[in-house]
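Engineer: Would you mind keeping the following structure in view while I ask a few things?
All of the numbers you see were taken from the coordinates with simple rules; none came from a lab. Please read all numbers here as calculations on a predicted model, not as lab measurements. Methodologically, a virtual Cβ is constructed for each residue, glycine included, from the backbone with ideal geometry; neighbour enumeration extends over all protein chains shown.
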Amino acid sequence: MKILVNGAWREIEHVNLQALLRELGYENRTLATALNASFVPQTARATTTLKEGDRLEIVVPMQGG
Amino acid sequence: MLKCYDVELGSRLLLGTARYPSPAILSEAIKTSRAAVVTVSLRRELGSGRDRREGEAFWTLIREAGVRVLPNTAGCHSAKEAITTAQMAREVFGTHWIKLEVIGEADTLQPDVFELVEAARVLSDEGFAVFPYTTEDLVVADKLVNAGCRVLMPWGAPIGSGRGLNNVFGLRALRAHFPDVPLIVDAGLGVPSHAAHAMELGCDAVLINTAVAQAADPVAMALAFAEAVAAGRRAYLAGPMEPRDMAVPSTPVLGKAFLS
């Protein structure tokens, strides 16, 4: 299945958000997620299912003004 | 002491963390500035694979600095985008403080005040402590306060421009109109005298990023800004004289020897 991860199309194995984050190498990382422009809290990742064409954003702490 | 959302801040200088030559210089600049608050953001991590560690390294540096963080919604162009970013920031940084930026114009990075007020209302209702990046417009400021903002962050000049205070009259009016709302001048300050000027007008604090980060010596510039902010604050409390158009001799005229 293909979804957009941070603006790039990716073929993914896992449709569960928590499992996908692990698949993408984000396990135990400080990050936040948004699915189709809506915030998905950490507590909801395990119960969030992705579907074809979804837009997933994964963001991390960064420098800012 | 400056109080924002019931938190006492030990410094009237807030420091941005972007555009420094290196993480070590950023770390040193934070220390030297004695800033009590630094701004941070949320971004996608560049690169791929499991070796991505840029965000983690930055977050460790900030935690070690022992300062309070103020996450921003930089680059957002709509209320919805800013609200989602704020929600993500609250989870990642563990703070309900948010510097709310909704950009409306690409050349000046001027805030879209209509979207800003809308986002401020939603976020305040969700329990956020909103620090809105706004213009010096009194009516907008009034709407932001009514939306739940207990701090205002008027711009000095466009972000990163280093022009100083573009509208001194507007900032004075804002100060007079909102005597009890902390005013933090955000954006556009280029040199320490700009910061001192903002403080002399009675603004409560300033937020500096580019002027420190892009200085030839950011650490030395951080100290210069800290001193300027302290001097400007002292001057405001001391009550500056009123300017006038005509000269007034400072040396007494009475008693001058008659020599012509």
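Engineer: Across region B:219-234, in residue order, what do the Karplus-derived ³J(HN,Hα) couplings come to in whole Hz, using 6.51 cos²θ - 1.76 cosθ + 1.60 with θ = phi - 60° and x for Gly and Pro?
Structural biologist: Calculated HN-Hα couplings, in order: 5, 5, 5, 4, 5, 4, 5, 4, 5, 5, 5, 5, 5, x, 5, 4 Hz.
Engineer: Taking Rh as the Kirkwood radius, which is the inverse of the mean 1/r over Cα pairs, what is the Rg/Rh value for chain A?
Structural biologist: That ratio is 0.95, to two decimals.
Engineer: If you don't mind, another one. Lys pairs in region B:1-147, Cα-Cα under 19 Å, at least 8 apart or on separate chains: how many?
Structural biologist: Within region B:1-147, the lysine pair count is 4.
Engineer: Could you tell me the relative contact order of region B:137-240? Use alpha-carbon pairs under 8 Å, at least six residues apart, and round to a whole percent.
Structural biologist: Once normalised by length, the contact order is 25 percent.
Engineer: Follow-up question, since we're still on this one. In the calculated pair distance distribution of chain B, what percentage of Cα-Cα distances lie above 35 Å?
Structural biologist: Result: 18 percent of Cα pairs exceed 35 Å.
Engineer: I would also like to ask the following. Long-range amide H contacts for B:Q110: which residues qualify at under 5 Å (H placed 1.01 Å from N, peptide plane, sequence gap of 5 or more or a different chain)?
Structural biologist: Under 5 Å from the amide H of B:Q110 lie the amide H atoms of B:G104, B:E105, each far enough along the sequence or on another chain.
Engineer: Using only the alpha carbons of region B:178-260, determine the length spanned along each of the three principal axes and report them from longest to shortest in whole angstroms.
Structural biologist: Projected onto its principal axes, the Cα set of region B:178-260 covers 58, 36, 20 Å.
Engineer: Can you put B:D137, B:D217 in order of Cβ neighbours within 10 angstrom, beginning with the fewest?
Structural biologist: With the sparsest Cβ surroundings first, the list reads B:D217, B:D137.
Engineer: May I ask what percent, to the nearest 5, of DSSP beta bridges between residues of region B:1-77 are antiparallel?
Structural biologist: So the antiparallel bridges amount to about 30 percent of the total.
Engineer: Just check the protein assembly as shown against the gyration tensor rule for me: Cα atoms, a ≥ b ≥ c as the square roots of the eigenvalues, rounded for a/c under 1.5, and otherwise prolate or oblate depending on whether a/b exceeds b/c.
Structural biologist: Prolate.
Engineer: By DSSP, what percent of the beta bridges with both residues in the protein assembly as shown are antiparallel, rounded to the nearest 5?
Structural biologist: Percent antiparallel among DSSP bridges in the protein assembly as shown is about 45.
Engineer: Other chains near A:50-63: what is the mean number of their Cβ atoms within 10 Å of each residue's Cβ?
Structural biologist: 6
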